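Below: one structure, written as structure tokens.
The values are calculated or read from the model by the stated rules, or taken from the named source; none is laboratory data. What you see is a predicted model; the values in this text were computed from it and never measured. Note that we place each Cβ from the backbone using ideal geometry, even for glycine, and neighbour counts take in every protein chain shown.
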Ligand SMILES: Cc1ncc(COP(=O)(O)O)c(C=O)c1O
């Protein structure tokens, strides 16, 4: 029986259903008519999608496996690499599926810390110290979900090289990378690097489920086989919209920049106002979320549930990322909702001094 993915259960229960949404992390939905018309039975769409990805990222077609979203990509990589009893090492705090999926496939899991004090950067020595005999994969997200931190190419290159010496693959979930480093992928940074991403988060094309894995050529056949087990044949319409999205990526990114304009300043002002109770490692200006810690150290799950029920505002509880006194704050909701949402959040989390009674 598959274990629950608690964060996704929470997200599916609430996201889209609460008036002020400061939880969602993706750019708001771009409608299909922004991309153009597709023929749902066009079997050539898969090849066009692969070719479009190959052009945009400079990755050989033989190193590409289309997947159903980044989620599908994570599954493809783990199903390709793991056998029961293998060990997988993941970052913490983390996006739960990066370890749940591996666990569900029979792997044992350990975590290495990305520390607030280091602005959530990765120290290759600390990762290597946690690698064991049975470690098959080390998995990170870049940009980091939940904090938005970005690891440099140099660090990734060094980490990949050290892992290669130990026969370990490095899986990097790049779901948010296009917002800060368009057209790039860490697949080029090491022979043992696997990456996955999709049109979902940065381009706002979540509904197409057009995702991909970039991987060593020798692994492509095994990776493509996963689709046969999971969906038989993935819908050609997903690849058709995926190909259009890749070709329209610059337009979609410009749309994202326009939609996000001015919101970060409101978030920065909120954090400055409540600096005695809240702190964060400020993510790059291109990030659309960050991870906020409550200096009182209390578990925020119940207060956030109350915020949803009583104040109609939602953030992503840190509990689901492995840190209960924090929350992921996102600012992809419409501009007019950010400030009132933050005000409601301040009330719900009791950030404001109680007014002295007269
Ligand atoms: C790091 C990360 N990877 C993957 C996903 C899922 O992406 P997709 O919708 O493309 O499956 C998410 C969604 O929140 C995410 O945060």
Suppose we keep only residues that are in a helix (DSSP H, G or I) and touching a residue at least 24 places away in the same chain (Cβ under 8 Å) within region 110-139. Which one would you say is farthest from the ligand (Cβ to nearest atom)?
128
Tell me yes or no: at least one residue of region 169-176 is away from the ligand (no atom under 16 Å from the Cβ), touching a residue at least 60 places away in the same chain (Cβ under 8 Å) and surrounded by 18 or more Cβ atoms within 10 Å (Cβ to Cβ).
yes
Checking residue 239 against (1) in contact with a helix residue (DSSP H, G or I) (Cβ under 9 Å, 6 or more places away or on another chain); (2) buried (at least 21 other Cβ atoms within 10 Å of the Cβ); (3) farther than 16 Å from residue 76 by Cβ, which test does it fail?
(3)
Scan of region 209-232 for residues that are more than 16 Å from the ligand (Cβ to nearest atom), touching a strand residue (DSSP E or B) at 6+ places or on another chain (Cβ under 8 Å) and in a loop (DSSP other than H, G, I, E, B), ordered by number
215, 216
Matching residues in region 1-43 - criterion: being in contact (Cβ under 8 Å) with a residue 40 or more places away in the chain, closer than 12 Å to residue 241 by Cα and either within 16 Å of the ligand (Cβ to nearest atom) or part of a loop (DSSP other than H, G, I, E, B) (or both):
30, 35, 36, 38, 39, 40, 42
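It is to be established whether one or more residues within region 349-356 are surrounded by fewer than 20 Cβ atoms within 10 Å (Cβ to Cβ), in contact (Cβ under 8 Å) with a residue 12 or more places away in the chain and closer than 29 Å to residue 112 by Cβ.
Within region 349-356, not a single residue is surrounded by fewer than 20 Cβ atoms within 10 Å (Cβ to Cβ), in contact (Cβ under 8 Å) with a residue 12 or more places away in the chain and closer than 29 Å to residue 112 by Cβ.
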List the number of the failed condition for residue 107; all other conditions in (1) within 16 Å of the ligand (Cβ to nearest atom); (2) buried (at least 21 other Cβ atoms within 10 Å of the Cβ) hold.
(1)
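If you check residue 246 against the conditions, is it within 16 Å of the ligand (Cβ to nearest atom), surrounded by fewer than 16 Cβ atoms within 10 Å (Cβ to Cβ) and under 30 Å from residue 38 (Cα atoms)?
On the way: within 16 Å of the ligand (Cβ to nearest atom): yes; surrounded by fewer than 16 Cβ atoms within 10 Å (Cβ to Cβ): no; under 30 Å from residue 38 (Cα atoms): yes.
When the stated conditions are applied, residue 246 does not pass them.
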Select from region 304-331 the residues that are surrounded by fewer than 21 Cβ atoms within 10 Å (Cβ to Cβ), under 21 Å from the mean Cα position of the chain (by Cα) and part of a helix (DSSP H, G or I) and list them in ascending order.
319
For region 49-103, the count of residues that are within 11 Å of the ligand (Cβ to nearest atom) and more than 30 Å from residue 290 (Cβ to Cβ) equals 0
Give the residue that is farthest from residue 322 (Cα to Cα), with candidates limited to residues of region 1-13 that are buried (at least 17 other Cβ atoms within 10 Å of the Cβ) and in contact with a helix residue (DSSP H, G or I) (Cβ under 8 Å, 6 or more places away or on another chain).
10
Might you check whether a residue that is surrounded by fewer than 19 Cβ atoms within 10 Å (Cβ to Cβ), away from the ligand (no atom under 15 Å from the Cβ) and either closer than 28 Å to residue 153 by Cβ or over 20 Å from the mean Cα position of the chain (by Cα) (or both) occurs anywhere in region 187-208?
yes
Go over the candidates 93, 66 one by one and state the one that is buried (at least 20 other Cβ atoms within 10 Å of the Cβ), closer than 20 Å to residue 321 by Cα and modelled with pLDDT of 95 or more.
93
